[in-house]
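The values are calculated or read from the model by the stated rules, or taken from the named source; none is laboratory data. Everything quoted here is computed from the prediction, not taken from an experiment. Here Cβ is always computed from backbone atoms with ideal geometry, including for glycine, and neighbour counts include all displayed protein chains.
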Amino acid sequence: MSTEGTTQVAAAALSRATVEQQSARLGEPAWARERRLAAWEAFERLPAPAVARPEEWRRTDVGALDLGALAVPDPQGSPARQGRHGPLVRDEATRAGWLAHADGRTVGRALRAELARAGVVFTDLACAMREHEALVREHLFALASPEEHRFRALHGALWSAGTFLYVPPGVEVALPLVAQTWLGTPGGVVFPHTLVVADQGSRVALIETFASAPAERRALASGVVELIARPGAQVRYAAVQEWGPSTWEVGSVVRARVERDALVHTTMVALGGDLVKVDVEAHLGGPGASAEMLGLYFGTGGQHVDVHTLQEHAAPHTTSDLLYKGAVRDAARAVFAGLIRVHPGAQKTNAFQANRNLVLSAGARTDSIPKLEIMANDLRCTHGSATSRLNEEHIFYLMSRGLTRRQATFMIVEGFFADVFDRLPFETLRGYLQARVAEKMI
Amino acid sequence: MADLAIRDLHVQVEEKVILKGINLELSRGEIHAVMGPNGSGKSTLANVLMGNPFYQITRGDVLYKGEDLLAMSPDERARKGLFIAFQYPVSIPGVTMASFLRTAVSARRGYEQELMPVAEFQKLLREKMEALRVDPAIVGRYVNEGFSGGEKKRAEILQMALLEPEIAIMDETDSGLDIDSVKIVADGIMQMHRNASGGMGVLVITHYSRILQFLRPHHVHIIYDGRIVVSGGPELAQELEERGYEGIRQQFEVIAAEVQESGAIRRAGKVFWVTH
Ligand SMILES: Nc1ncnc2c1ncn2[C@@H]1O[C@H](COP(=O)(O)OP(=O)(O)O)[C@@H](O)[C@H]1O
Ligand SMILES: [Mg+2]
């Protein structure tokens, strides 16, 4: 064991020096280092997102965030303890591989030998950069740019312990891969980056979990997930977010590029954190591309969840189907803003969007903002949003059969989410989420 | 004292007074029928007995096995053995009959934290479904969602059979059923009535007398404009049967006029029924 392993190194402030140290520590090639520094430069240059993109940030105020009070966790620090999500990762029989990141370090990995032999790469990004440099260089930040806003720039400068998944043409991975991200440092920051490249005709599924310590001090996360589905590929991706109660997740994005005849299925689950602002986007770039987008959020206490979705049809004969459902309780607030954009020439498009919200307390609120930008004229497009309160007649009916108000409410909430559960592409996730929703009811 | 004692019950919704002094006593082992025209307050009475928060009770009280029923929450009433088969049961999307029924039976049987074991529940459920000839497919469906009128009524009876109430109120469970189904339902009720340990009291609210041919109530009450205007034995239903419901309806109008004038509900009722 090296001596550094036992030396206490202070967590590092968010600074250019930290960016350079991080790149050096990971042994990155020059191009990667330069990208980080360019991102840092963008971070210093860009105005606050509320100024740069007021419409997108109108309902979520991050002005109170003190970046000076945050620090990159000590990379030599004591190994962080395992977070939640045990049931999703423990059972080897239910997964094809596993990757664990804690406080910006990769602390565990596994991949079934037959998949490695078939050319599947499932490892942390730094490692991938060394072993598959051309692949990473071509695709990393292909879908997201540090110039988009300050948080994305900060992410571009300081991302670490990323997840890299490559599936060669025609390879089908039957069981999901699982990646865990854990932030254990109070007042720490984490910038998880995930890059999935599913080559032609391949099939793969990735479940990612995000959690942080239930510390008092504000922690910050800002992630980028890039999902690239090459022609005919099928990618199923789920992000299960259960940050601790003081964590802010700001400016994250899950963005998919769906090429000809490819399919991307995304599931976004937001249960944790104090303030969460994420975008989930599917860009349908080739004829026959389709995207299914599922979302489940549940705000309790003073939680604030703001999700913007985009279904972007840039090619004809493309399909997108979105269902986002959320519940809010106590003084929680949820915002859903969903945009369907159909480019000129993207004829024979099918775009569906539904957002449903359930308000469980008088002090809770939701906003649902569907938007359409349609520049083609031969398409089918439907969108609907509805917000309802707990139906007292339903409660009474269940109580008249002996269920307590709490049991009745729980059943109704579980029932409300049932169609999302039914459409989840992973069996393991269904049971897990049902239990987590139950916990949120307590 | 009767197991269920309703005394001078007045109920309103917002400004509208619906029940104007209901008096009724019912005990385990007894079958009562409540008959009356549409809008006379039958469903209101049933809902109030079960604790539907929508209705305001302005006067009167209800004792259930000597306790103040109106002070109990609906679930407490259910766990203590009161049951209502609703006239218009609501449908609840996403909630499967299976999980709902298992939770309900567990509550009634006093399971506190956990639920009744699955195997035991399934056995019970199968038994009851067979007896009532309920299509087993309904347990996989969402509560009342997309059920036909008849399916809803059968599902209500299935719940009753599973919960084994001490006092059951059946709100027009027979309407919307064909005569064969009425017979199955009535047989089911009679079987529950016979087999209930300690006896089961039944309050059958109905529009038609046909279910009463099978149920043979001990007591019949006629409700009109929020009041029970007359109570009698099974011959009352017989009479109703002979005269036809429409024929009787005109007589209700007569009573109503008299009630309006004299305020003497019981006398008015007596006048009507005794003079015939
Ligand atoms: N929820 C309600 N809101 C307003 N009026 C109601 C409500 N429920 C019942 N009523 C009124 O009370 C009267 C009695 O209704 P109900 O109890 O349903 O009668 P029944 O079951 O005998 O047909 C009717 O005039 C009905 O319009
Ligand atoms: Mg009625």
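Looking only at residues of the stretch B:196-205 that are out of contact with any Gly (no Cβ under 9 Å at 6 or more places or on another chain) and buried (at least 22 other Cβ atoms within 10 Å of the Cβ), we find that the one that is nearest to B:MET35 (Cα to Cα) is B:VAL204. Within the stretch A:84-100, the set of residues being out of contact with any Leu (no Cβ under 9 Å at 6 or more places or on another chain) and of a type outside the set (Lys, Arg) comprises A:HIS85, A:GLY86, A:PRO87, A:VAL89, A:ASP91, A:GLU92, A:ALA100. A:PRO168 passes every criterion in (1) touching a strand residue (DSSP E or B) at 6+ places or on another chain (Cβ under 7 Å); (2) farther than 30 Å from A:GLU44 by Cα; (3) of a type outside the set (Phe, Trp, Tyr) apart from (1).
One residue stands out in the stretch B:70-89 among those that are over 16 Å from the mean Cα position of the chain (by Cα), under 25 Å from B:GLU14 (Cα atoms) and not small (Gly, Ala, Ser): the one that is farthest from the other protein chains (Cβ to nearest Cβ), namely B:LEU70. Here A:LEU433 qualifies as under 21 Å from A:ASN357 (Cβ atoms), away from every other protein chain (no Cβ under 12 Å), in contact (Cβ under 8 Å) with a residue 24 or more places away in the chain and in a helix (DSSP H, G or I). When the criteria are applied in full, A:GLU439 fails the requirement of being crowded, with 17+ Cβ neighbours inside 10 Å and of a type in the set (Asp, Glu). Residue pairs whose Cβ atoms lie under 8 Å apart, separated by 6 or more positions or on different chains, with the first residue in the stretch A:408-419 and facing chain B (nearest Cβ under 7 Å) and closer than 10 Å to B:VAL95 by Cα and the second hydroxyl-bearing (Ser, Thr, Tyr) and part of a helix (DSSP H, G or I), are A:MET411/B:SER99; A:MET411/B:THR103. As for the stretch B:90-112, it holds no residue that is touching a residue at least 60 places away in the same chain (Cβ under 8 Å), in contact with a strand residue (DSSP E or B) (Cβ under 8 Å, 6 or more places away or on another chain) and more than 10 Å from chain A (Cβ to nearest Cβ).
Just so you know, in the stretch B:131-156 the residues that are among the acidic types (Asp, Glu) and within 12 Å of another protein chain (Cβ to nearest Cβ) include one that is nearest to the chain's Cα centre (by Cα), and it is B:GLU156. The residues in the stretch B:55-89 that are within 16 Å of ligand 2 (Cβ to nearest atom) and not in a loop (DSSP other than H, G, I, E, B) can be counted, and the count is 2. Looking at the stretch B:1-54, the strands (runs of 3 or more DSSP E) lying wholly inside it that each contain 2 or more residues that are more than 17 Å from the chain's Cα centre (by Cα) and more than 14 Å from ligand 2 (Cβ to nearest atom) sit at B:4-13, B:16-26.
Where helices (runs of 4 or more DSSP H) sit wholly within the stretch B:119-223, those with at least 1 residues that are of a type outside the set (Asp, Glu), touching a residue at least 40 places away in the same chain (Cβ under 8 Å) and within 22 Å of B:GLY41 (Cα to Cα) occupy B:149-163, B:210-215.
Filtering the stretch A:274-293 to residues that are without any contact (Cβ under 8 Å) to a residue 60 or more places away in the chain and under 19 Å from A:ALA219 (Cβ atoms) leaves A:ASP274, A:VAL276, A:VAL278. Is it the case, given these coordinates, that A:GLY273 is on the phi > 0 side of the Ramachandran plot and among the small types (Gly, Ala, Ser)? The answer is yes for A:GLY273.
Answer with yes or no whether B:ALA85 is among the hydrophobic types (A, V, I, L, M, F, W, C) and modelled with pLDDT of 95 or more. Taking the combined requirement at face value, the residue satisfies it. Restricting the search to the stretch A:364-407, which residues are away from chain B (no Cβ under 12 Å), outside any strand (DSSP E or B) and within 26 Å of B:ASN52 (Cβ to Cβ)? A:ALA364 - this is the single residue of the stretch A:364-407 that is away from chain B (no Cβ under 12 Å), outside any strand (DSSP E or B) and within 26 Å of B:ASN52 (Cβ to Cβ). Limited to the stretch B:31-67, what total is found for residues that are surrounded by fewer than 17 Cβ atoms within 10 Å (Cβ to Cβ) and away from every other protein chain (no Cβ under 13 Å)? Going through the stretch B:31-67 one residue at a time, the tally reaches 9.
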